[in-house]
């Protein structure tokens with residue numbers, strides 16, 4: 001089967017998933033993102049005219065102010081025109097289909113769609129449908145994928161650890177329902193991380209998780225032994241009321257990242273979280289704000305990574 | 001009575017309705033729109049600095065993401081600053097009157113208002129109230145008018161049929177409740193179309209419809225005979241529950257555009273729809289997506305026509 | 001205690017309240033605002049590139065389309081990138097704290113936050129938390145402060161009355177619940193207005209109001225005697241249902257500004273209102289639209305004052 005993300009020359013046409021993306025393209029995005037960050041780390045990411053005159057549509061069928069904001073900022077720093085569409089309140093509620101909406105926006109000469117949808121596969125559906133000169137970025141589709149999150153995580157790891165081939169990385173939490181975890185695992189293995197661990201109760205792991213090339217731990221103290229990177233997942237509050245999870249307190253006791261549990265990891269291990277955090281549920285505040293936390297740098301790198309993806313898809317050089 | 005749309009030199013000051021606009025101005029808008037479309041039809045509509053430094057306010061008292069988006073895109077391609085105001089959630093809910101809201105936005109140095117309102121006459125009310133250097137575009141008011149939709153339809157017809165004076169045009173559907181139909185009829189007759197037909201059940205026709213200069217048909221097979229242009233109207237779902245309309249299936253049987261009914265028209269007839277479409281209600285998917293459909297080009301032309309109207313009102317030359 | 005609004009050189013770092021701001025800074029803002037207004041009063045406020053490449057975040061935890069619009073317009077006229085965040089519908093509803101949200105936006109390289117919140121002190125909290133190069137503007141926090149409103153009021157007074165040291169100013173209405181009144185009183189006394197009056201029923205006055213340096217009147221006819229400036233406050237409709245206020249008609253009878261009551265003031269007194277107005281409740285339409293009203297100029301000056309504050313905080317010269 002053809003990879004819908006690549007054109008016939010093997011260049012990136014859409015960013016839908018980290019699954020199936022060659023390491024060459026992942027590294028290209030990370031390298032390009034680095035050019036958007038000043039040498040002095042706390043310097044401004046400057047505005048560049050790379051996408052001047054281009055129209056980027058944030059097509060959000062699922063509300064997410066934070067994610068929408070990161071793409072809006074990235075597009076505006078590239079000087080694109082940005083239009084935000086919250087489609088809950090729009091034509092689809094008038095009976096128009098998703099693809100009719102996309103056709104219409106293409107006819108308005110969209111150059112790029114950033115798509116967020118609660119249904120797995122929605123971004124692929126849009127990508128298969130658009131004209132050849134239009135590009136699609138998946139900003140999260142159901143439980144399937146969230147590739148820009150995974151890419152900014154890879155950028156963060158490379159920033160602090162320099163190499164991937166000598167790392168032990170642990171992903172902790174609700175892997176079963178997490179598009180973030182899925183995209184992280186594919187990116188980590190493609191970039192050559194030799195040992196990827198997942199740490200979660202059985203109820204929060206997909207049945208076929210070992211097939212993704214990971215080691216499974218149910219006990220966090222064991223799972224964090226000697227790891228270089230701890231990637232926490234967000235606990236969805238709505239899961240807490242169901243049968244899958246005990247109370248927040250119980251979850252915190254067994255799978256919340258505390259200084260004591262973190263002490264099992266290497267002394268220079270970094271702590272990551274995709275946000276927004278549930279402090280006191282999956283992570284203790286002292287860790288979230290502690291010396292090993294790189295959670296805020298992740299956010300900054302996220303803007304640069306999204307600028308990199310957008311400019312790469314548009315075929316322009318920084 | 002004075003035409004509130006024209007200044008004392010007969011130039012366009014506001015675009016409120018196609019009714020009463022001279023053919024000279026309609027043609028001026030269409031000619032100007034053509035300059036915003038590249039010779040190669042699928043080329044980009046490029047960004048131009050014509051409205052740089054101007055402030056366009058999208059004043060939407062009625063929610064319409066699609067229409068708001070077309071004006072937002074048009075204004076941004078002209079390099080204007082655009083502010084979106086959904087007034088349902090704003091000061092009018094605090095007891096402020098519509099005209100106080102408009103006064104305030106004028107004081108903020110608005111250059112142009114795009115007004116959408118559920119009440120017929122709202123855009124006229126705003127136009128009568130604003131300062132002399134402020135321009136108003138009606139983006140749909142009640143059942144009254146939707147002039148930019150009619151203008152993009154005229155652009156589309158001229159694009160495919162070259163002339164107006166030799167055409168037979170049919171408008172099909174809920175004419176009674178349609179601001180689009182009213183604006184289309186005025187534009188078509190002003191531009192010299194010799195035969196405009198309306199096709200609808202009696203319950204969906206205004207009582208005085210013949211006074212608009214149209215031929216009335218209740219039977220679609222007869223009405224579509226030898227027409228050059230088929231302009232479908234959108235069926236409002238909310239009408240379907242009332243006494244005016246039978247079920248969607250019944251409506252489709254008698255007034256839905258199918259390949260069989262379309263075969264009554266000329267072989268090179270074009271099919272238009274203002275969107276969003278109710279597939280399987282007023283139009284069959286095979287027609288909507290078929291070779292005679294120009295529904296997506298309508299959308300593209302709509303951006304150019306709105307750029308034309310805005311730049312004409314602002315008094316700048318492309 | 002340190003003034004959190006000033007840096008160690010005594011320059012403005014945040015604008016949180018008019019309380020504690022030296023007259024020098026108030027006058028600096030008014031002088032700067034004047035440069036954004038053309039000599040011809042009805043001329044356009046032109047777009048300037050002073051904040052090109054800067055990111056301004058409108059962080060609205062409390063809905064206010066009007067106030068948000070004034071800041072959006074001001075920032076766009078300064079060529080900043082503007083991102084609107086209505087935080088009711090965002091991450092804080094996912095359990096993220098206000099400060100985590102702010103941290104994240106700082107990490108995205110925000111240059112300026114415009115904060116509106118129903119809780120008094122929210123903008124101070126944000127200001128204490130942000131990185132040294134980030135600036136905070138309070139756009140209204142609970143009953144506490146609304147400094148840009150007070151500054152545009154001062155600009156308006158200076159515009160019409162030239163000097164502050166010879167004025168008698170009356171503030172009329174619900175002082176107890178008004179962040180606007182509080183900010184106005186501090187600004188007026190700092191700028192040297194010798195007599196500031198408040199006129200309200202006892203139920204709508206804070207208990208310690210005389211400590212602010214004002215004269216209290218419960219009778220409007222007496223309170224308006226020989227004043228130069230009448231500053232009306234907006235009556236909150238929700239107060240009308242409680243025990244604090246009689247009906248709208250009763251309120252209008254005693255505290256609504258009518259031509260008869262206004263006749264007690266000096267013949268050249270100006271009438272101001274922060275908007276949106278409740279016509280027929282706190283102000284009669286004949287006064288709101290009358291010759292002494294400067295309510296719409298207030299709005300125009302408000303854009304210039306917000307441009308002044310933003311450019312001053314960003315450290316750029318007009």
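When C:169, C:136 are checked against the criterion of being in a strand (DSSP E or B), farther than 30 Å from residue C:255 by Cα and either in contact (Cβ under 8 Å) with a residue 12 or more places away in the chain or more than 18 Å from the chain's Cα centre (by Cα) (or both), C:136 stands alone in meeting it. Every listed requirement among (1) outside any loop (DSSP other than H, G, I, E, B); (2) more than 18 Å from residue A:153 (Cβ to Cβ); (3) modelled with pLDDT under 95 is met by residue A:58 save one, (3). In the range B:157-166, the residue that is farthest from residue B:31 (Cα to Cα) out of those that are out of contact with any strand residue (DSSP E or B) (no Cβ under 6 Å at 6 or more places or on another chain) and not in a loop (DSSP other than H, G, I, E, B) is B:161.
Quick check on the range B:187-221: of everything there that is free of Cβ contacts under 8 Å to residues at least 24 places away in the same chain and in a helix (DSSP H, G or I), which residue is farthest from residue B:166 (Cα to Cα)? Ranking the candidates gives B:202 first. Screening the range A:84-96 for residues that are modelled with pLDDT of 80 or more and within 8 Å of another protein chain (Cβ to nearest Cβ) and picking the one that is surrounded by the fewest Cβ atoms within 10 Å (Cβ to Cβ) gives A:86. For the range A:264-305, a residue qualifies if it is closer than 19 Å to residue A:195 by Cα and out of contact with any helix residue (DSSP H, G or I) (no Cβ under 8 Å at 6 or more places or on another chain), and the qualifying residues are A:265, A:266, A:267, A:268. Taken together, C:296, C:257, C:312 contain a single residue that is without any contact (Cβ under 8 Å) to a residue 12 or more places away in the chain and under 23 Å from the mean Cα position of the chain (by Cα), which is C:296. Among the residues of this structure, residue B:184 counts as one that is in a helix (DSSP H, G or I) and crowded, with 20+ Cβ neighbours inside 10 Å.
Of the listed requirements (1) under 28 Å from residue A:71 (Cα atoms); (2) out of contact with any helix residue (DSSP H, G or I) (no Cβ under 9 Å at 6 or more places or on another chain); (3) within 14 Å of another protein chain (Cβ to nearest Cβ), residue A:313 misses just one: (3).
When residue A:250 is tested against (1) more than 14 Å from residue A:288 (Cα to Cα); (2) modelled with pLDDT of 85 or more; (3) in contact with a helix residue (DSSP H, G or I) (Cβ under 9 Å, 6 or more places away or on another chain), exactly one condition is not met: (3). The numbered conditions (1) within 14 Å of chain C (Cβ to nearest Cβ); (2) without any contact (Cβ under 8 Å) to a residue 40 or more places away in the chain; (3) surrounded by 24 or more Cβ atoms within 10 Å (Cβ to Cβ) are all true for residue A:51 except (2).
Rundown of residues vs (1) surrounded by 14 or more Cβ atoms within 10 Å (Cβ to Cβ); (2) away from chain C (no Cβ under 14 Å); (3) under 18 Å from residue A:294 (Cα atoms), yes/no style:
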| site | (1), (2), (3) |
| --- | --- |
| A:190 | yes, yes, no |
| A:199 | yes, yes, no |
| A:206 | yes, yes, no |
| A:220 | yes, yes, no |
| A:234 | yes, no, yes |
| A:255 | yes, yes, no |
| A:269 | yes, yes, yes |
| A:273 | yes, no, yes |
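Going by what's in this entry, would residue A:108 be described as touching a helix residue (DSSP H, G or I) at 6+ places or on another chain (Cβ under 9 Å), at pLDDT below 95 and within 26 Å of residue A:311 (Cβ to Cβ)? Considered against the rule, which asks whether it is touching a helix residue (DSSP H, G or I) at 6+ places or on another chain (Cβ under 9 Å), at pLDDT below 95 and within 26 Å of residue A:311 (Cβ to Cβ), residue A:108 comes out as yes. Quick one: would you say residue A:278 is within 14 Å of chain C (Cβ to nearest Cβ) and either farther than 30 Å from residue A:112 by Cα or modelled with pLDDT under 95 (or both)? Taking the combined requirement at face value, the residue satisfies it. Under 17 Å from residue B:172 (Cβ atoms) and within 14 Å of another protein chain (Cβ to nearest Cβ), is that true of residue B:295? Spelling it out, residue B:295 is indeed under 17 Å from residue B:172 (Cβ atoms) and within 14 Å of another protein chain (Cβ to nearest Cβ). Check the range A:64-72 and report whether any residue there is within 11 Å of chain C (Cβ to nearest Cβ), at pLDDT 90 or above and in a strand (DSSP E or B). No - not one qualifying residue is present in the range A:64-72.
Got at least one residue in the range C:88-98 being assigned to a helix (DSSP H, G or I) and under 20 Å from the mean Cα position of the chain (by Cα)? There is no residue in the range C:88-98 that is assigned to a helix (DSSP H, G or I) and under 20 Å from the mean Cα position of the chain (by Cα).
Against the definition (touching a strand residue (DSSP E or B) at 6+ places or on another chain (Cβ under 6 Å), surrounded by fewer than 16 Cβ atoms within 10 Å (Cβ to Cβ) and either modelled with pLDDT of 95 or more or on the phi < 0 side of the Ramachandran plot (or both)), how does residue C:215 come out, yes or no? Against the criterion (touching a strand residue (DSSP E or B) at 6+ places or on another chain (Cβ under 6 Å), surrounded by fewer than 16 Cβ atoms within 10 Å (Cβ to Cβ) and either modelled with pLDDT of 95 or more or on the phi < 0 side of the Ramachandran plot (or both)), residue C:215 qualifies. Here the condition is being closer than 30 Å to residue A:52 by Cβ, at pLDDT below 90 and either in a helix (DSSP H, G or I) or touching a helix residue (DSSP H, G or I) at 6+ places or on another chain (Cβ under 8 Å) (or both); of B:76, B:47, it holds for B:47 alone.
Residues in the range A:260-278 include none that are part of a helix (DSSP H, G or I), over 17 Å from residue A:221 (Cα atoms), under 24 Å from the mean Cα position of the chain (by Cα) and free of Cβ contacts under 8 Å to residues at least 60 places away in the same chain.
The values are calculated or read from the model by the stated rules, or taken from the named source; none is laboratory data. Worth saying up front: this structure is predicted, and the values here are computed from it rather than measured. Quick reminder, even Gly has a Cβ in these numbers, built from the backbone with ideal geometry, and neighbours come from all protein chains shown.
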